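Following: one structure in C-alpha cells, then a few remarks.
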Amino acid sequence: MTEIKLRQSGGSVSATLPREFTNALHLEVGDSVYVTVENGRIILAPNNPKTEAVLAATRETLREYREALHELSK
C-alpha cells in the first residue's frame with residue numbers, strides 16, 4: 001500500500017497518483033476515472049468507453065425487464 005498526501009487545489013482537495021499506478025492502468029493526464037466510496041475506501045477506476053457501453057446496456061435491460069426480474073426474485 002502506498003501513502004500519498006492530499007493537497008488543497010482551489011475549492012477541492014487533490015491527490016497525486018504515483019507514475020507506477022498510472023502506468024499500470026495506462027492513464028494519462030486528461031483521462032477520466034470513476035470515483036466511488038466502498039466500505040470506507042476511495043475506489044478509482046479507469047473510464048473505459050467499452051465498460052460504459054456495457055453498463056448502459058445493462059441499465060436498459062434491467063429497466064426493460066424490471067417486472068419479470070421482480071417476479072423471478074420471489
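The values are calculated or read from the model by the stated rules, or taken from the named source; none is laboratory data. Quick caveat: nothing in here was measured; it's all calculated off a predicted structure. A quick note on method: Cβ atoms are made from the backbone with ideal geometry, for glycine too, and the neighbour counts reach across all protein chains shown.
Results, tabulated for the structure shown:
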read-out	value
Of all residues in the stretch 23-46 being more than 17 Å from V13 (Cα to Cα) and touching a residue at least 12 places away in the same chain (Cβ under 8 Å), the one that is surrounded by the fewest Cβ atoms within 10 Å (Cβ to Cβ)	H26
Selection count where residues are surrounded by fewer than 10 Cβ atoms within 10 Å (Cβ to Cβ) and under 15 Å from the mean Cα position of the chain (by Cα), scope the stretch 6-22	0
Any hit, the stretch 49-57, residues being over 16 Å from the mean Cα position of the chain (by Cα) and free of Cβ contacts under 8 Å to residues at least 60 places away in the same chain	yes
Number of the exception - E3 against (1) surrounded by 10 or more Cβ atoms within 10 Å (Cβ to Cβ); (2) modelled with pLDDT of 90 or more	(1)
Any chance T58 is of a type in the set (S, T, Y) and surrounded by 10 or more Cβ atoms within 10 Å (Cβ to Cβ)	yes
